[in-house]
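Engineer: Below is one structure. I have some questions about it.
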Amino acid sequence: MDLATPVTLENPYVRLEFLDFGHREELERACVGLEHAWYTSVPTPDDVADDIAHRLAMHAAGTMNPFAVRRLSTGEVVGETTFCNIDQANRHVEIGHTWLGPAAHRTEVNTAAKLALLEHAFERCDAIAVEFRTHWHNRQSRDAIARLGAKQDGVLRNHRIGPDGIVRDTVVFSIIANEWPAVRRGLEERLARG
């Protein structure tokens, strides 16, 4: 299966639904409270429609597969995530452009969503590597990525200039195919422990 093919991914905790404009109102509610997250890219409620349009345009270009994240315990859409920088020929993909609303912070949602995405990438799409990138100053994200079982590959210094003009150092992590069975077990055990 191609990494860009629209698909719904589900486990007992989350359902990752191919993103569309039907998710707009729930995403507008979910992003409230994230206005001060300067080191990550989260739309404001007024920008959600443009964000959805942008992600769908990248999907049409073959570089992104965007999802709305639905928490099954509440039935609510709590954020977005994607397969991005899709390199099908080299069976390589990044999981990124992820944000979760405050109601999903410190819950099972991030771990469960990553488990669903990684399982799809490695087991259905035959990926050989899945990458994660985050801002150097986003310590919470860096710690969460490491807890998934990803290894830090390095830091891309002065990698990008943000919309506010601040130069970003990007930390790159990855999980490779032969690491996936152990990573999977670790994620499943974390979810079972609650």
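Engineer: What's the total number of residues in the stretch 133-156 that are basic (Lys, Arg) and either surrounded by 15 or more Cβ atoms within 10 Å (Cβ to Cβ) or part of a loop (DSSP other than H, G, I, E, B) (or both)?
Structural biologist: Adding up the residues that qualify gives 2.
Engineer: Out of the residues in the stretch 115-162 that are among the β-branched types (Val, Ile, Thr) and closer than 21 Å to Asn11 by Cα, state the one that is modelled with the highest pLDDT.
Structural biologist: Val130
Engineer: Among the helices (runs of 4 or more DSSP H) confined wholly to the stretch 14-132, which include 2 or more residues that are under 14 Å from the mean Cα position of the chain (by Cα) and closer than 25 Å to Trp180 by Cα?
Structural biologist: Per the criteria, 109-119.
Engineer: Could you tell me which residue of the stretch 75-97 is nearest to Pro45 (Cα to Cα), considering only residues that are out of contact with any helix residue (DSSP H, G or I) (no Cβ under 8 Å at 6 or more places or on another chain) and among the polar types (S, T, N, Q)?
Structural biologist: Restricting to residues being out of contact with any helix residue (DSSP H, G or I) (no Cβ under 8 Å at 6 or more places or on another chain) and among the polar types (S, T, N, Q), the top hit is Asn85.
Engineer: Sticking with this one: Under 7 Å by Cβ, and 6 or more places apart or on different chains, what pairs join a residue from the stretch 69-90 that is farther than 14 Å from Thr107 by Cβ with one that is part of a strand (DSSP E or B) and of a type in the set (Phe, Trp, Tyr)?
Structural biologist: Glu80/Phe67; Glu80/Trp99; Thr81/Phe67; Thr82/Phe67
Engineer: Another question about this same structure. With the structure loaded, tell me whether His36 is closer than 23 Å to Thr170 by Cβ and surrounded by fewer than 16 Cβ atoms within 10 Å (Cβ to Cβ) or whether it fails that test.
Structural biologist: Spelling it out, His36 is indeed closer than 23 Å to Thr170 by Cβ and surrounded by fewer than 16 Cβ atoms within 10 Å (Cβ to Cβ).
Engineer: Residue check: is Glu80 among the charged types (D, E, K, R) and in contact with a His (Cβ under 9 Å, 6 or more places away or on another chain)?
Structural biologist: Criteria met by Glu80.
Engineer: Just the residues that are in contact (Cβ under 8 Å) with a residue 24 or more places away in the chain and exposed (fewer than 10 other Cβ atoms within 10 Å of the Cβ), please, taken from the stretch 157-194.
Structural biologist: Asp164, Gly194
Engineer: Surrounded by fewer than 16 Cβ atoms within 10 Å (Cβ to Cβ), closer than 19 Å to Ala127 by Cα and either in contact (Cβ under 8 Å) with a residue 40 or more places away in the chain or of a type in the set (Ser, Thr, Tyr) (or both): is that true of Gly62 in this structure?
Structural biologist: Judged against the criteria, Gly62 is a match.
Engineer: Looking only at the stretch 89-106, which residues are modelled with pLDDT under 95 and of a type in the set (S, T, N, Q)?
Structural biologist: Matches in the stretch 89-106: Thr98 only.
The values are calculated or read from the model by the stated rules, or taken from the named source; none is laboratory data. Only a predicted model underlies this, so the values are computations on that prediction, with no experimental measurement involved. Glycine gets a Cβ as well: all are built from the backbone with ideal geometry, and neighbour counts include every protein chain shown.
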